[in-house]
Amino acid sequence: MKKYKILIVEDEPIIALNLQETLYELGYETLGITYNRCKTMEILSNNVAPDLILMDIYLTRSNNRN
Amino acid sequence: MAKKFSLSFIIIGILGIIFLDKLLKIFYVNNDISQQGPFTVAILFMISTGIILYVIINHMEKVIQRIDNSYNELKRKDKSRIAPYEFSLDNSVDSIHWLSLDGKFLYVNESTCKMEGYTKEEFKDMYIEDIDPTFDRAGAKKCMLDIKNTENWRLETTHKRKDGTIYPVEVSGHAFIFEGQEYICAFARDITQRLEDKNNITKINEELQKSLAEKEMLLKEIHHRVKNNMEIISSLLNMQARRSDDINFKNAMKQSRSRIHTMALVHEFLYLGENLAYINVQDYIKKLVQDIKELYISQNTKLDVDLDLEELIFSANRCIQVGMILHELCVNSLKYAFEENRKNLLCIHINKINENIHIKIRDNGDNEIDITSLQKRDSIGLQLIHSIVDFQLHGKIDFKINKGLECNIIFPQKEEV
């Protein structure tokens, strides 16, 4: 079975960590956690292709809905 | 004049008697005195005619004087009768004018003169288009016809004063017939101040709307923040529970998390909904029950939920109170009443009857329950339920066995401020 890779984009670290642990418990691999749009773009530009991105709609310090 | 004439008649007659008689005596000294007769009769006739004329004229004069007095009295009465109306017309805030059907001014009150800057004399040769620049001759005539044919005719237009300044007016016009002639009576009101006030109010309203929108946004932000913080607490509890092997601790954390979620859901509804103060109970309970089901029920457990929820609107506080009670009772049923491989049923009915809210929660669990133990406040769950019903909802709670456990709660709909 294919191991899906998931990227978490969330500006609340505790919520992000809990989500990462929950995904791990459910057997999913996470590519990591990014806290803002820039970091997310940086990861995505490094030829990393996540199968799924779990992203908070409202991220602080970013004017537009990501 | 006539009186003087008759008096002169009498005087001449008397003088005639005194002097003419003597002259005749001298003249006819040698003649027969009987020849004086006709003169004396003529003089007497003259005197009597003069007296009669004097009496008649005097009487006529008195009659004429009386008629004159009566006429003056009537005039005075008439004047005093119409004086209040004239006063009202002249002191009206509105410009009142009568026009002919071709738009010529026939009467204007004082206000018209003050408003337009013309005298009453000047108005006599003026037409409506002389003060309303929006009309030409044909337009003015058409307007008069419109007034004639329209009941409660109204128009917002502009008037031009003698000095050339233009100001807004609201005009109402009525057609009327007086002594067979058709007239237009129009009332014009200067609405400069009204329009200024309207603009100011619109401006203030816009500012208030902007301010309100900002406050709403801030309030939504706060609810969002509160919900987020609750989620952080919930995540912390979850992470803590994950690191423990104690099953009791894990369950306690799970229950605490779902209690926090019950409250967080209210804040989520507040910032996602259109109303920042009130929540649709139906939507909230549906979501709450769904979330509780997902958290506590395993995939193998079949559960039917019978929801009969009346369309009700609760405040955020009331929603949290009801949500907490429902959470405790639902979790109790899910934990103790329901099992795998059986048809589980959970009924939640919320109705309004006679200004009271009736909540019924029933499961179809078949394990034995000691009703009296539910009246006590041993567990946190029961403590929560009884405290909220007693102190916050000011209601009553009753447990009974009805093919499972049934709980009935009644509380007044009106919230205490």
Original post:
Across peptide B:144-157, how many C-beta atoms of other chains are within 10 Å of each residue C-beta, on average?
Top reply: 0
Original post:
Can you give me the relative contact order of segment B:123-241 as a percent, contacts being Cα pairs under 8 Å and 6 or more apart?
Top reply: 14
**OP:** Would you order B:S234, B:S373 from fewest to most other beta-carbon atoms within 10 Å of each residue's own beta-carbon?
**Re:** B:S373, B:S234
Subject >> Degrees between helix B:137-149 axis and first principal axis of chain B (Cα, 0 to 90, nearest 10) >> reply: 70
**OP:** Filter the trypsin sites (Lys or Arg not before Pro) in segment B:340-385 down to the DSSP loop ones having no more than 14 other Cβ atoms within 10 Å, then list what survives.
**Re:** B:R342, B:K343, B:K376, B:R377
Original post:
Once the protein assembly as shown is represented by equal point scatterers at the alpha-carbon sites, with solvent omitted, what log10 I(q)/I(0) does the Debye formula produce at q = 0.06, 0.09, 0.10 Å⁻¹?
Top reply: -0.65, -0.83, -0.90
Original post:
Past the 29 Å Cα-Cα mark, which pairs from B:K4/B:K79; B:K287/B:K400; B:K79/B:K160; A:K3/A:K39?
Top reply: B:K4/B:K79; B:K79/B:K160
Subject >> Principal-axis tilt of helix B:2-15 within chain B, Cα atoms, nearest 10 degrees >> reply: 20
Subject >> Cβ neighbours within 10 Å from other chains - mean over B:239-248 >> reply: 1
Original post:
Taking Cα pairs under 8 Å and at least six residues apart, what relative contact order does chain B come out at, in percent?
Top reply: 8
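For chain B, which span is the longest to avoid every loop-located (per DSSP) member of GluC sites (Glu not before Pro) having at most 10 other Cβ atoms inside 10 Å?
Free of exposed loop sites, the longest segment is B:1-150.
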**OP:** May I ask which residue of A:L44, A:Y58, A:I33 lies farthest towards the positive end of the charge dipole of chain A, with charges of +1 (Lys, Arg) and -1 (Asp, Glu) on Cβ and the Cα centre as origin?
**Re:** A:L44
Original post:
Most mobile of B:I12, B:I369, B:I191 per a Gaussian network model of chain B (Cα springs, under 10 Å)?
Top reply: B:I12
**OP:** Loop only per DSSP, at most 15 neighbouring Cβ atoms within 10 Å: give me the trypsin sites (Lys or Arg not before Pro) in segment B:179-268, ordered by residue number.
**Re:** B:R243
Original post:
For segment B:178-186, what does the Karplus curve 6.51 cos²θ - 1.76 cosθ + 1.60, with θ = phi - 60°, yield as ³J(HN,Hα) per residue in whole Hz, taken in order and with x for Gly and Pro?
Top reply: 10, 6, x, 10, 8, 9, 10, 10, 10
Original post:
Order of B:S298, B:S258 from fewest to most other C-beta atoms within 10 Å?
Top reply: B:S298, B:S258
**OP:** Mind putting a number on the dipole of segment B:340-417 about its Cα centre? Charges go on the C-beta only, +1 for Lys and Arg and -1 for Asp and Glu, and I need it in Debye to the nearest 20.
**Re:** 220
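Which length gain, in nm to one decimal place, applies between B:I51 and B:Q240 when the Cα-Cα distance is subtracted from 0.36 nm times their residue separation? Numbers along the way, then the final one.
Values: separation 189, 0.36 × 189 = 68.04 nm, distance 14.12 nm.
Fully extending the segment from B:I51 to B:Q240 adds 53.9 nm.
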**OP:** Enter the mean number of other protein chain beta carbons within 10 Å of the beta carbon of each residue in A:12-18, as an integer.
**Re:** 5
Subject >> Centre separation in Å (Cα based) which lies between segment B:203-264 and segment B:338-403 >> reply: 27
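Read the figures in this text as sums done on the coordinates, not as results from a lab. Predicted model, so just to flag it, every value in this text is computed and none were measured. For neighbour counting, all protein chains shown are included, and Cβ atoms are generated from backbone atoms with ideal geometry for every residue, glycine included.
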